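Single-structure report; data block below.
The values are calculated or read from the model by the stated rules, or taken from the named source; none is laboratory data. The structure presented is a predicted model; accordingly, all values stated were derived computationally and were not measured. Cβ atoms come from the backbone with ideal geometry, glycine included; neighbour counts cover every protein chain shown. To get the accessible areas, we keep the full protein, side chains included, count just its heavy atoms, and leave off ligands, DNA and RNA. Shrake-Rupley method; radii C 1.70, N 1.55, O 1.52, S 1.80 Å.
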Amino acid sequence: MRAMKHKSVFLFAVFAATVLLLAVQKPVFLVWYACGQGFSAADWWQVVRHGLSLDMTVAGYVSALPVLVVLLSLWVPLPERIMRRAFMAYFAVVSVVVAAIFAVDLALYEHWGFRIDATVLIYLTDPREAMASVDFWLGVRQTAIFAAYAAAMIWVYGRVVRLFDSRTLGWRAAGAGSLGVLLLAGFDFLAIRGGTGASVANVSKVYFSSRMLLNHAAVNPVFSLLSTLGDRTDYAAEYPFFDEQTRAERFEALRGNRPGSAPGRQVLRTRRPNVVVVILESFARTVMDAQVDGMPVMPWMHRLKGEGVWFENFFANSFRTDRGEVAILSGFPAQTRMSIMKLPAKSRNLPSLARSLNREGYATRFAYGGDLNFTNQASYMYATGWQELFWQKDFDFDTPPADWGYDDRVMCDWFGRQVIEWSASGEPFLAGLLTLSSHPPFDVPFARFEDRMFNATAFADDCVGRMIEGWKNSPAWDDLLVVLVADHGVPYPPPLAYNEPLRHRIPMIWTGGAVAGPLVVEEYASQIDLCATVLGQLGVAHDDFDYSKDIFDPALPKFAYYTFNDGFGVVDASGEAIWDAVTGKIVAEDAPALTDVGRTLLQTTYVDIENR
C-alpha cells in the first residue's frame with residue numbers, strides 16, 4: 001500500500017507542479033504589461049484565479065503520459081533509474097516547449113494585441129525574414145527569459161520525478177490500485193475537457209472582465225497556441241468565385257455602408273431610447289405561425305406583432321446560435337463550416353452594436369441563463385464592447401438549472417427587474433438577453449401542448465411576453481426600444497429541407513414605448529441588417545458595418561442572405577437562389593442575379609476573415 005501511496009503522490013505532484021508553473025506566468029505577464037494602468041491587487045488575483053481553468057487543461061495533457069506509466073507500473077516491473085531518466089527527458093521537453101511559447105508570446109503581445117496562436121506559424125515558414133525583424137537586445141532578453149523559466153521548470157520537475165515509485169503490486173492490490181489510477185485518469189480527462197459543463201475548454205472560459213488586458217493576461221499561451229494549430233486555413237481561397245477586382249466591384253453594390261445612402265423613415269419617437277435586444281432561441285417563423293386545435297403556439301408574439309413594428313420578410317443568416325449572434329450583434333454574415341466566434345483573434349475586430357453605443361455613452365450588459373463560455377461567447381462579447389456579462393455562474397436561484405441552464409421564467413423575471421432598475425438610474429443602456437428553454441431537450445415546467453418543441457416554445461413565448469407586460473406597467477416603458485429576434489429557425493414542418501428559405505425565416509418585432517406606432521415592414525432583410533437599422537434610427541454612424549444595411553434606407557438593395565453548412569441562399573421579392581458547395585451546383589434559381597449576390601457575399605465574408 002505504501003508503493004501505491006507513492007504512485008498517487010507522484011501523479012498529484014506532476015499535476016500540481018504543472019499548474020503552479022503555468023500559473024506563475026500570469027503575474028509575470030501583468031508586470032510586463034499592466035503596471036501603471038491602475039489595476040488593483042484584486043484584479044491580479046482574478047487573473048490568476050480565472051486563468052487556472054486553462055492551466056489545469058494544459059496540466060491535464062502533461063499528466064496524461066505519467067498516468068499511463070503509473071498504471072503500467074502496477075503490473076509490469078519497470079527499471080526505476082531508467083524510468084526516472086525517461087521522465088526527466090519528457091519533462092525537459094515539456095519545459096523547453098512551454099518556456100519557448102511563453103517567451104515568444106511575451107514579446108509578441110506588444111505588437112499583436114492578443115495571445116499567441118497559430119498565426120505565428122506563418123512567420124516560421126521563412127525564419128530568415130522573421131529573424132530580420134527581431135532586435136538584437138530583444139532576442140537576448142527573451143532568450144534569457146526562456147532559459148530562466150525552462151531551468152526553473154526542469155528543477156521543479158526534477159524534484160517531482162524523485163517521487164516516482166516503480167514497484168509492482170500483488171494482483172489484488174494492483175487491481176484496486178488500477179481502479180484508483182483510472183479514477184485519477186478521469187479527473188485528468190475532466191481537466192483536459194474543461195470540467196463537466198456543456199462547454200469544453202476554450203479561451204472564453206478565462207474571460208471575466210470588460211478590460212481586455214486582464215482577460216488576455218488570464219489566457220494560457222500554450223493552450224492558445226495548441227488549440228489553434230488545426231485552424232490555419234487560407235480563408236480567402238475557400239470560395240474563389242471571382243478574381244479579386246471583380247469580387248470587390250460586385251461587393252460595392254451590396255455593401256450596407258456605401259456612399260450615397262439616404263436617411264430612412266423614422267419609426268421611433270426618440271433618438272436616444274434605452275435598447276433591449278432579446279435573442280429568442282429557435283423561434284422559427286413556421287412555429288410562430290403554427291396552431292394546435294386553433295390555439296397559436298406563440299400567442300404573445302402574435303399580440304406583440306400587432307402592437308409594434310413587424311418585419312414580415314425577415315431571415316436568419318445561419319442555423320446555429322453562435323453564428324446568429326454574430327450576425328445580430330455585429331452585422332457580420334454567417335459562415336458555412338466554421339464560426340468566427342471561435343476565432344477570438346479575428347472576432348475581436350468585428351464591429352458591434354455594443355461598441356457603437358458605448359461610444360454614445362450607453363452602458364452595455366448581456367445576460368444568459370446558461371454558460372457563456374460555450375462557443376467562446378464570453379470572449380467575443382467582452383472583446384466587442386459588452387461591459388457586463390451575467391450568466392449561470394453569477395446566479396443562485398432557488399430553482400435548479402435545467403440541462404442548458406436556468407429556464408426562461410427564472411431569467412425573464414430577473415432580467416425584467418434589472419431593466420427597470422437600469423432605466424431608473426437615468427444612464428442610457430443597451431441590454432441583451434439570450435433565451436434557452438426552446439432548445440432540445442425541451443425540458444420546461446409547463447404543460448400546454450403534447451408536442452415537446454411546441455410546448456417549450458410556448459413556454460418561452462409566455463415568459464418573454466409576461467416580461468414585456470411588466471415593462472409596459474413600469475416607468476421604464478416610455479424610453480424603451482425592445483427588439484425581439486430569433487437566433488435561427490428550425491426544420492419545421494417536416495420535411496422542410498435545411499437549405500430552403502422557409503427554414504431560415506424568423507420573426508423580428510420592435511416594441512416598447514419608444515416605438516411610434518404599429519407598422520408592417522415588407523422589405524426583405526436578415527439578421528445582419530439589424531445593427532445598421534437600429535443605429536440609423538438612433539442617428540448613430542454605422543460606417544464600420546460593411547454588410548449591415550439599414551432596412552429603412554430606400555437607396556439600399558433589399559434582400560436576405562443566409563448560409564447553411566454546405567452553401568448559401570439568397571431571397572428577395574423576385575425569388576430565390578440556393579447554391580450547394582458539395583456538388584458546386586445551383587439547387588434553385590428563380591432569380592439568376594441572386595446567385596451572384598450570394599457568391600459575392602460568401603467570398604467576401606471569407607476574404608474579410610482572412611484579413612482580420
>> Any residue that is farther than 26 Å from Tyr561 by Cβ and either assigned to a loop (DSSP other than H, G, I, E, B) or among the polar types (S, T, N, Q) (or both) - is there at least one of those in segment 381-391?
In response: yes
> Would you pick out the residues in segment 341-350 that are open to solvent by less than 10 Å² (accessible area, probe 1.4 Å) and either assigned to a loop (DSSP other than H, G, I, E, B) or out of contact with any Phe, Trp or Tyr (no Cβ under 7 Å at 6 or more places or on another chain) (or both)?
Replying inline: Leu350
> Glu281 fails exactly one of the following numbered conditions: (1) more than 30 Å from Leu434 (Cβ to Cβ); (2) among the charged types (D, E, K, R); (3) open to solvent by less than 60 Å² (accessible area, probe 1.4 Å). What is the number of that condition?
Replying inline: (1)
> Does segment 359-378 hold any residues that are over 15 Å from the mean Cα position of the chain (by Cα) and polar (S, T, N, Q), and which are they?
Replying inline: Thr364
> Could you list, in sequence order, the residues of segment 142-163 that are under 15 Å from Asp105 (Cβ atoms) and without any contact (Cβ under 8 Å) to a residue 40 or more places away in the chain?
Replying inline: Gln142
>> Consider segment 207-233. How many of its residues are farther than 20 Å from Ala334 by Cβ and either modelled with pLDDT under 90 or polar (S, T, N, Q) (or both)?
In response: 18
>> I need a count of the residues in segment 548-578 that are within 26 Å of Ser347 (Cβ to Cβ) and at pLDDT below 95.
In response: 5
>> Return the residues of segment 287-315 that are β-branched (Val, Ile, Thr) and open to solvent by 20 Å² or more (accessible area, probe 1.4 Å); say none if nothing qualifies.
In response: Val292
> If we keep just the residues of segment 193-229 that are more than 18 Å from Val98 (Cα to Cα) and in a helix (DSSP H, G or I), which is most open to solvent (accessible area, probe 1.4 Å)?
Replying inline: Arg193
> Taking segment 175-192 as the region of interest, how many residues are open to solvent by 20 Å² or more (accessible area, probe 1.4 Å), among the aliphatic types (A, V, I, L, M) and in contact with a helix residue (DSSP H, G or I) (Cβ under 9 Å, 6 or more places away or on another chain)?
Replying inline: 6
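Evaluate the following for Asp55: is it closer than 28 Å to Leu163 by Cα, open to solvent by less than 40 Å² (accessible area, probe 1.4 Å), among the acidic types (Asp, Glu) and within 25 Å of the chain's Cα centre (by Cα)?
Yes.
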>> Going residue by residue through segment 13-36, is there one that turns out to be at pLDDT 90 or above, under 30 Å from Asp234 (Cα atoms) and open to solvent by 30 Å² or more (accessible area, probe 1.4 Å)?
In response: no
> Of the residues Asp478, Asp461, which single one is under 20 Å from Val276 (Cβ atoms) and out of contact with any strand residue (DSSP E or B) (no Cβ under 9 Å at 6 or more places or on another chain)?
Replying inline: Asp478
> Any residue in segment 356-366 that is polar (S, T, N, Q) and part of a loop (DSSP other than H, G, I, E, B)?
Replying inline: no
>> Restricting to segment 351-392, name every residue that is open to solvent by 10 Å² or more (accessible area, probe 1.4 Å), in contact with a Phe, Trp or Tyr (Cβ under 6 Å, 6 or more places away or on another chain) and among the polar types (S, T, N, Q).
In response: none
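Scan segment 367-377 residue by residue and report those that are touching a Lys or Arg at 6+ places or on another chain (Cβ under 8 Å) and in a helix (DSSP H, G or I).
Quick first cut of segment 367-377, residues touching a Lys or Arg at 6+ places or on another chain (Cβ under 8 Å) only: 371, 373, 375-376.
Matches in segment 367-377: Thr375, Asn376.
Of the residues in segment 322-333, how many are within 14 Å of Thr375 (Cα to Cα) and either touching a strand residue (DSSP E or B) at 6+ places or on another chain (Cβ under 6 Å) or open to solvent by less than 10 Å² (accessible area, probe 1.4 Å) (or both)?
Initially, segment 322-333 is screened for residues within 14 Å of Thr375 (Cα to Cα), giving 322-326.
Now restrict to residues that are either touching a strand residue (DSSP E or B) at 6+ places or on another chain (Cβ under 6 Å) or open to solvent by less than 10 Å² (accessible area, probe 1.4 Å) (or both): 322, 324-326.
Final tally of qualifying residues: 4.
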> open to solvent by 10 Å² or more (accessible area, probe 1.4 Å) and part of a helix (DSSP H, G or I) - does that describe any residue in segment 503-526?
Replying inline: yes
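Listed here are the residues, each with its yes/no results for (1) open to solvent by 70 Å² or more (accessible area, probe 1.4 Å); (2) at pLDDT 95 or above; (3) of a type in the set (D, E, K, R); (4) in a loop (DSSP other than H, G, I, E, B).
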position: Asp403; (1), (2), (3), (4): yes, no, yes, yes
position: Tyr406; (1), (2), (3), (4): no, yes, no, yes
position: Met411; (1), (2), (3), (4): no, yes, no, no
position: Glu421; (1), (2), (3), (4): yes, yes, yes, no
position: Leu430; (1), (2), (3), (4): no, yes, no, no
position: Leu433; (1), (2), (3), (4): no, yes, no, no
position: His439; (1), (2), (3), (4): no, no, no, yes
position: Phe449; (1), (2), (3), (4): no, yes, no, yes
